[in-house]
Amino acid sequence: MKKFKKWQIITATGAAIAVVGMGSWLAFGKSSSGPEEMVDMTPMVQTVKEGSIASSVLLTGKVTANQEQYIYFDGTKGDLQSILVNVGDQVTAGQAIVQYSSTEAQSAYDAAVRAVNKADRQLNDLLTNGVTIDTTGDEEADSSSASQAQRSLDTQVGDLRDARADAVANMEKAKALLDATTVKSSTDGTVVEVNKDVSKSTTGTNQTLVHIVSNGNLQVKGELSEYNLANISVGQEVTLTSKVYPGKKWTGKISYVANYPTEAGQAGANAAGSGQGTGGAKYPFTVEITSEIGDLKQGFSVNIEVKSSTIHPLVPVTSVLSDGDQSYVWTIEAGKAKKVNVTLGNADAENQEVLSGLKKDAQVIINPSGDLEDGKEVGKYDKID
């Protein structure tokens, strides 16, 4: 009996071990092969929504004046007579900045004015006094003479009016040349550079006489690579930081992105393409500063963080599967499973951005199992919206 009891105990223990082993196989052996083997899991379906994944592009740029004016020496206007401002002067739009010698231009304008006045006198005299004719008493002959005189008068009036129009045109040209001898500021601002040491004999170079920058309004200019071009667009918000003031930030937005690269940037791209250099094409961009300027100064180098504002369909990361290099999701349409190939964008811990292949409001299975087949009835599923 003791042996029997011992056998029973051993047998019972063995049975227990067998049961535990079988349970372990069911509980762990089956799940270890991955989610595709979970054929008994009820599909959970979620409606695709649109949004953006937090991401940013880092650029660099330099703070510049929003408006500035360079006045260059122009020998065609005559001899430089005087520069009417000094560095640090505050100027207003329309203020005279540079004066060229105007003697010749003034003489030409005065002569043109006299020509107009002369044409006016001749025309007024002709219109007032007309022409005289001698009468013979022969009505037919006198009528013919009168008609001929009228035609002559009309011709002379037309010629004088043409001459006056030419004189007025010459006067306007002379006035423009005279006005050009005085160069005026095009903006309110501060004079930051004055150069009185210029040479009339120098050719092929721009000699700056005066440099004026606008007060208060600043912007940031820089160049972005061809690799970042697709991620940057006008209107995107940015955050600016400067190493000069590490604890401060400024806000702005992209106001301009060039469609064509700079000549230097294109040359670098061509060299890289031919194996003679590195880098890609460079595209100029501008940032409008929208916050208070504060301590930000012209000439500062700043770091620019461009915030993503692109909206795309978002799906849970658990819904995305892959077959080699191709990513896909399972959706439900009319109660049937549909395999949809997708192109992926950014992702975070919970959501995946879908760039193409999936539309808003699609019903995506967030826990796809291995028994799903394209076009097969799904049966029971839970919606978790």
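The values are calculated or read from the model by the stated rules, or taken from the named source; none is laboratory data. Since this is a predicted model, take the numbers as computed values, not measurements. For neighbour counting, all protein chains shown are included, and Cβ atoms are generated from backbone atoms with ideal geometry for every residue, glycine included.
Taking the stretch 66-110 as the range and being under 20 Å from Gly216 (Cα atoms) and in contact with a Leu (Cβ under 7 Å, 6 or more places away or on another chain) as the test, only Asn66 passes. Would you say Pro246 is at pLDDT 80 or above, surrounded by 13 or more Cβ atoms within 10 Å (Cβ to Cβ), of a type outside the set (A, V, I, L, M, F, W, C) and farther than 19 Å from Gly216 by Cα? So Pro246 does not fit the description; no. Put simply, of Ala169, Ala180, Ala165, Ala149 the only residue that is modelled with pLDDT of 80 or more and surrounded by 13 or more Cβ atoms within 10 Å (Cβ to Cβ) is Ala180.
Residues of the stretch 348-367 that are part of a loop (DSSP other than H, G, I, E, B) and within 12 Å of Gln46 (Cα to Cα): Lys360, Asp361, Ala362, Ile366, Asn367.
Any residue at all in the stretch 320-329 that is β-branched (Val, Ile, Thr) and under 29 Å from Ala230 (Cβ atoms)? Yes, that holds for at least one residue. Taking the listed residues Lys338, Lys359, the one that is basic (Lys, Arg), crowded, with 18+ Cβ neighbours inside 10 Å and more than 28 Å from the chain's Cα centre (by Cα) is Lys338, with no other qualifying. Total residues in the stretch 216-253 satisfying the condition of being in a loop (DSSP other than H, G, I, E, B) and without any contact (Cβ under 8 Å) to a residue 12 or more places away in the chain: the figure is 1. When Pro313 is tested against (1) within 30 Å of Gly252 (Cα to Cα); (2) at pLDDT 95 or above, exactly one condition is not met: (2).
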